[in-house]
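The values are calculated or read from the model by the stated rules, or taken from the named source; none is laboratory data. In this text, all values refer to a predicted model and were calculated from it rather than measured experimentally. Every residue, glycine among them, receives a Cβ derived from its backbone with ideal geometry; neighbour counts consider all protein chains shown.
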Amino acid sequence: MQIRNATAVVTGANRGIGLALVKALLNSGASRVYAGARDMKTLEAVVALDRARVKPLRLDVTNKDLVSAAAAAASDVNLLINNAGVLEFGSFLDVPTDKVARQFETNFYGKLNMARAFAPVIEANGGGAIINLLSLVALASMPGLSTYNASKAAAWSMTQSLRATLASKKIQVFGVFPGAVDTDMLAGVDMPKTSPADIASAVVSGVESGTEDIFPDPMSTQLYA
């Protein structure tokens with residue numbers, strides 16, 4: 001799929017990888033980008049990137065009513081980027097169950113809600129793509145991120161199933177597996193990190209080259225190999 005002239009929706013677009021993805025899409029010639037976030041006020045700087053092409057979208061991926069409203073408002077979309085995510089540190093024995101549920105509600109069910117709402121939109125627009133931002137720990141679990149690992153692994157399994165389900169509808173499904181990224185989510189964690197801009201650039205390149213599983217940084221590439 002080519003990004004030029006595409007119409008995209010990006011969840012969690014107000015900061016980090018989401019913001020970088022909006023910038024990368026604009027730089028690659030996307031005709032319109034719907035930038036989604038729960039708080040519309042946090043999208044002011046994103047819209048300012050290009051007021052003609054960036055449209056703010058009130059969106060909580062765990063709220064099915066807001067997801068349905070977003071799909072109705074963004075009826076010209078042919079590229080869905082499921083970026084929104086949450087992270088809790090800790091082992092399975094320590095993380096409170098409500099926080100375990102919160103991670104699955106966003107990292108798994110949120111992506112599922114968006115795929116169900118936007119797959120018919122993308123199909124009606126002649127096909128396109130869905131990109132799921134996953135994580136390297138979906139493939140190699142780390143005890144200190146146990147429930148986050150599990151939610152991302154479930155989303156990876158869903159990604160594979162969606163590929164088979166949506167292929168006949170001319171919708172490609174991509175999985176992105178970043179390692180450590182320099183975002184608020186990992187603030188205070190002392191380790192080598194890749195910039196969100198480099199992740200976004202690799203995602204765009206991977207989609208345009210048709211690479212279904214995208215390893216967008218040195219850490220993910222090396223550990224996957």
### Selection status of residue 75, more than 23 Å from residue 200 (Cα to Cα), of a type in the set (S, T, N, Q) and within 18 Å of the chain's Cα centre (by Cα)
no
### Query
Any chance segment 184-199 includes a residue that's in a strand (DSSP E or B) and small (Gly, Ala, Ser)?
no
### Message
Quick check on residue 211: is it surrounded by 13 or more Cβ atoms within 10 Å (Cβ to Cβ), modelled with pLDDT of 90 or more, hydroxyl-bearing (Ser, Thr, Tyr) and on the phi < 0 side of the Ramachandran plot?
### Response
yes
### Query
Of the residues in segment 97-143, how many are assigned to a helix (DSSP H, G or I), in contact with a helix residue (DSSP H, G or I) (Cβ under 7 Å, 6 or more places away or on another chain) and among the β-branched types (Val, Ile, Thr)?
3
## Note on the structure
Among 20, 74, the single one that is closer than 26 Å to residue 209 by Cα, at pLDDT 95 or above and in contact with a Pro (Cβ under 9 Å, 6 or more places away or on another chain) is 20
